[in-house]
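S.K.: Let me give you the structure first, and then I'll get to my questions.
The values are calculated or read from the model by the stated rules, or taken from the named source; none is laboratory data. As the structure is a computational prediction, the values presented were derived from the model and not from experiment. Backbone-built Cβ (ideal geometry, glycine too); neighbour counts: all protein chains shown.
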Amino acid sequence: MGRVSFTIALIACFCLFSCRTRTTSAGSEPRQLPTGAVRESGPLLSYADVVDRVAPAVVTIRSSRRVRAPQQFPFFDDPFFRQFFGGGVPRGGGRTQVQQALGSGVIVQADGHILTNHHVVDGAEDIKVELSSSRSYSAKLVGSDAPSDLAVLKISAGDLPLLRLGDSDKVRVGDVCLAVGNPLGVGESVTAGIISAKGRSTEVGRGSFQDFLQTDAPINQGNSGGALVNTRGELIGINSQILSSNGGNIGIGFAIPSNMAKNVMNQLLGKGKVQRGMLGVGIQPVTGELASSLGLKEARGLAINSITSGGPAEKAGLKTGDVILQLNGKDVNDANELRNEIAANGPGTEVTLTILRDGSQQQVRARLGELTPESARAGDEQSGEPAGGSRLGVTVVPITPEILQQLGLRRGTEGVVVESADPDGPAAQAGIRSGDVIQEVNRQPVRSPADLRAALQRSGDRPPLLLINRGGQTAFVPVPLR
């Protein structure tokens with residue numbers, strides 16, 4: 001009996017041990033993540049290693065230039081006014097002053113070549129570069145490009161730490177990024193954030209070429225020209241602008257993508273200037289209303305609203321009313337994106353455009369011309385934004401049924417709508433503002449941006465007489481040109 005009891009107890013212990021073993025083994029198996037889930041390895045607690053590699057290649061830039069201060073009472077130069085003061089009243093202003101600018105830069109070549117913003121060194125007579133090691137050098141301006149807001153400097157130093165340029169096309173919205181620079185002159189600082197958006201533009205139609213990376217990494221005055229890097233320590237952007245209601249950071253900053261910066265830098269180093277391709281068309285997005293008016297089944301592509309006389313587009317056979325669907329096989333729906341692509345292809349390049357004309361698709365080959373400052377000032381619409389009124393200091397767009405409804409104008413109103421007006425331009429000084437409709441120039445009807453440009457050219461140096469429609473009320477406005 002004792003032997004039987006011992007056997008039963010032994011069997012019970014074995015069963016209990018087996019159950020515990022199976023339970024422990026099952027509990028130790030890794031939990032399977034659902035399909036598509038991301039396995040997390042825990043938060044990154046520090047970017048110190050990245051900063052250690054990046055910071056030495058970011059510099060502080062101080063530039064200065066001499067300017068003559070405006071006279072406090074400029075009318076004292078008028079003999080009519082001076083007779084009342086006997087010519088003895090002291091004149092305020094007129095003295096030479098020194099303007100100083102603070103910014104940042106990035107060492108991109110070990111021999112001392114530095115990439116920064118154009119606006120940091122624009123017009124500078126003296127440029128100083130301070131390294132993170134507190135060494136200071138006088139810098140030479142190698143080249144500068146206002147449309148992209150980029151400039152290249154050179155200091156006499158060697159074996160410098162540099163930043164490797166990353167591929168900004170591979171940057172994704174949501175990627176973590178670091179901004180490095182000297183904000184407000186407090187000294188080199190690092191801030192962290194994410195890429196909030198891509199392909200941003202803040203000044204389309206004003207001669208700028210922009211394809212900004214937007215970030216919420218805090219950027220302030222003095223950060224301009226500094227580095228935006230990824231967590232691998234690669235340069236993905238040059239910090240350039242902020243959008244702010246108070247002049248300080250509110251979480252909306254813009255950086256020039258490294259791929260654009262590399263292209264501009266290589267041209268400045270190789271040729272001393274930047275050459276850009278020109279198609280010679282005015283384009284606008286195809287809205288639902290415009291698609292209906294053009295007889296399109298869906299709103300897509302970019303409609304050509306004007307053709308530059310003698311330009312590449314005219315030579316290729318493009319016409320007003322054509323809708324550009326693709327450039328070199330790639331869909332296009334954003335005017336700024338097409339503008340940048342055309343510019344980046346360079347003059348002399350042959351491009352293939354897929355267009356929609358009279359309901360059928362066809363391909364057109366065009367050899368790009370060169371965008372020059374003269375053609376840009378003349379309002380060349382290849383820029384991707386309807387123009388035509390650059391001599392007036394305005395950007396205009398053709399009237400559409402949608403715009404008529406927004407402005408509360410009667411159906412059938414013709415002309416071009418002032419989209420924006422430079423506050424310092426001739427038109428704004430004459431009282432013309434955004435939303436006004438220019439219907440005539442020198443008593444001749446205006447129906448498109450091209451009509452406006454041609455009329456202004458015919459006007460020559462004579463102040464053009466504009467017929468303006470504002471809220472249904474019309475008035476003649478003479479605009480003295482400078």
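S.K.: Somewhere in the range 262-272, is a residue of a type in the set (D, E, K, R) and within 23 Å of Lys170 (Cα to Cα)?
M.R.: Looking through the range 262-272, at least one residue is of a type in the set (D, E, K, R) and within 23 Å of Lys170 (Cα to Cα).
S.K.: Assuming Val89 fulfils every condition listed in (1) among the aliphatic types (A, V, I, L, M); (2) over 30 Å from Lys271 (Cα atoms); (3) part of a loop (DSSP other than H, G, I, E, B); (4) at pLDDT 95 or above apart from one, which condition is it?
M.R.: (4)
S.K.: Further question on the same structure: Go through (1) outside the structural domain of Ala197 (by TED's automatic domain parsing); (2) out of contact with any Leu (no Cβ under 6 Å at 6 or more places or on another chain) for Met260 and report which single condition fails.
M.R.: With (1) outside the structural domain of Ala197 (by TED's automatic domain parsing); (2) out of contact with any Leu (no Cβ under 6 Å at 6 or more places or on another chain) applied to Met260, the lone miss is (1).
S.K.: Just one of the numbered conditions (1) over 30 Å from Gly105 (Cα atoms); (2) surrounded by fewer than 22 Cβ atoms within 10 Å (Cβ to Cβ); (3) at pLDDT below 90 is not true of Val286; which one?
M.R.: (2)
S.K.: To continue, here is another question. Please state which one of Val281, Val274, Val229, Val264 is under 18 Å from Thr60 (Cβ atoms) and either touching a residue at least 12 places away in the same chain (Cβ under 8 Å) or touching a Lys or Arg at 6+ places or on another chain (Cβ under 9 Å) (or both).
M.R.: Criteria check complete, one pass: Val229.
S.K.: Only one of Ile403, Ile468 is crowded, with 21+ Cβ neighbours inside 10 Å, on the phi < 0 side of the Ramachandran plot and of a type outside the set (Asp, Glu); which?
M.R.: Step by step, each of Ile403, Ile468 is checked, and only Ile468 is crowded, with 21+ Cβ neighbours inside 10 Å, on the phi < 0 side of the Ramachandran plot and of a type outside the set (Asp, Glu).
S.K.: Pick from Val364, Val397, Val417: which is in contact with a helix residue (DSSP H, G or I) (Cβ under 8 Å, 6 or more places away or on another chain), of a type in the set (A, V, I, L, M), modelled with pLDDT of 85 or more and under 15 Å from Gly282 (Cβ atoms)?
M.R.: Val417
S.K.: Suppose we filter Ala303, Ala313, Ala343 for residues that are out of contact with any Ser or Thr (no Cβ under 6 Å at 6 or more places or on another chain), buried (at least 17 other Cβ atoms within 10 Å of the Cβ), among the small types (Gly, Ala, Ser) and modelled with pLDDT under 90; which single one remains?
M.R.: Ala303
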